[in-house]
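Heads up: the structure comes next, in structure tokens.
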Amino acid sequence: MHVSPAGDNAFLVELGEVSAAELHAAAQQVAGPVIVGHSSLYVIGPIGPIGPIGPIGPMGSTARVLAVSFTGPDLPEFLTRVALAPFLARVASLRLTVRYLGFRGGFGYLDGWPEEWAMPRRATSRPFVPRGTFAIAGNVAGFYPIDSPGGWNLLGRTEENLEYALTPGDIIQIEPNLTVPSPRAPFDFAQGRLGEGQGEGLSLSSIEIISAPLTTRVHEKDWSLVKHGRPPGGPFDDIAAALATRAVQHCDTLLECAMTGPRLRFRRDAVVAWCTPDLDIRVQRVHDGEEIAFGRITGGLRAYLAIGRDEGIVAKIERGDRHVIRAMRGPHDVGVEEVECEVTPQLDRVGVRLRPLRAIDVQIPADLRSIGMQCGTVQLHPDGSLVAMGPDHPVTGGYLQPMTVITSERWKLGQLVPGERVTLRATE
């Protein structure tokens, strides 16, 4: 067992070679939020004791029987390894265990697929894999829970809705057949899929949305969501969000707005607080039928709009330089102390891609296993870029994590604008 800090509010426990049962048993011994990785636990909160590891019963597991139509495009290649009849007979006897979650929509990585049936991940990823598709990569199996790109070998599909439906420890039994599944409309990649909370709940009974192109309704960070592979969410700039919320009483809606504010028509009297990136707060009363617009956001990327019933307290806080971001080394401490980067246009609430101005001289291990992540996790990708995770990050990832932004500095990530230069600096 190896324990290392992951920023100032979490730690990573690497357990080594453990079975899924041992991994899940160890997770049960942790008090507080924990993200299960391939062979690790990412624990949110102070370091506490973890006792000897051993199976102590199922981790709140659920047994599921899923009907799978084995008619996938990669099935013919797979059947060069085993004849169809023996395959269908044996696959029905398998009990696959959800080892951990990651990727998108609560994708469950399943243990128990026979080694002799392993197939390497495909050289190129398909741009569209329908939700419910059953696939394998190596000796790991899984169901794509939502429409998404994917590079695994596609063997079949289930009609069950598995989006955020699985938890680590769940047992999957496959009921195989050769029936062609019902067709599904192709995913519109031009429009994309709404992120966590984006567009959701914006058509409130008290508000008519006239225009809100980059507006997301946000909630408080909720670590209980990671059990099903959901990100904990929360505002990207928690300081600006807290000031906006405090400036109204009985706040029932908090909107996070990027680049430009929304245009709204109110269906009841209300008080709104608009907090800009420089923490300038504007509070005003609006009346039933009144229309109000919030224009272009300057001085950063995100502003916050809190909607309540009465006026609250307007606090004034001075902000420091948001272009120097303090972090802690690790949980993969490879000695990276300071990196100057350019902010790329590839940024959203999932994460911010950064281009280092000088190459990072680090040898990336080829056998990294997926571990947990949080807002502020910094990944080093094989192309040399860095990705700083936002509040809607995947709960696990398989890239090197040389730094983790400390809690009080994460707001700076949420205010980065494409083309800016920023320095990540390690601190003790």
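Some observations on this one:
- Some residue of region 206-215 being in contact (Cβ under 8 Å) with a residue 60 or more places away in the chain and in a loop (DSSP other than H, G, I, E, B): yes
- Among residues of region 290-322 being among the acidic types (Asp, Glu) and part of a loop (DSSP other than H, G, I, E, B), the one that is modelled with the highest pLDDT is 290.
- Among the conditions (1) at pLDDT below 95; (2) over 21 Å from residue 113 (Cβ atoms), the only one that residue 234 does not satisfy is (1).
- Residue 164 passes every criterion in (1) at pLDDT below 95; (2) surrounded by fewer than 20 Cβ atoms within 10 Å (Cβ to Cβ); (3) within 21 Å of the chain's Cα centre (by Cα); (4) not β-branched (Val, Ile, Thr) apart from (1).
- Residue 359 in contact (Cβ under 8 Å) with a residue 12 or more places away in the chain and part of a strand (DSSP E or B): no
- Being in the same structural domain as residue 223 (by TED's automatic domain parsing), touching a residue at least 60 places away in the same chain (Cβ under 8 Å) and crowded, with 20+ Cβ neighbours inside 10 Å holds for only one residue in 307, 371, and it is 307.
- Residue within region 244-263 that is surrounded by fewer than 19 Cβ atoms within 10 Å (Cβ to Cβ), over 23 Å from the mean Cα position of the chain (by Cα) and of a type in the set (Ser, Thr, Tyr) present: yes
- Selection of region 139-157 for residues being assigned to a loop (DSSP other than H, G, I, E, B) and either of a type in the set (A, V, I, L, M) or surrounded by 21 or more Cβ atoms within 10 Å (Cβ to Cβ) (or both) yields 144, 145, 146, 147, 152.
- Top-ranked residue in region 96-138 [being over 21 Å from the mean Cα position of the chain (by Cα) and of a type in the set (Ser, Thr, Tyr); ranked as surrounded by the fewest Cβ atoms within 10 Å (Cβ to Cβ)]: 124
The values are calculated or read from the model by the stated rules, or taken from the named source; none is laboratory data. Values in this document were obtained by computation on a predicted structure and should not be read as measured data. All Cβ positions, even for glycine, are placed from backbone atoms using ideal geometry, and neighbour counts span all protein chains on display.
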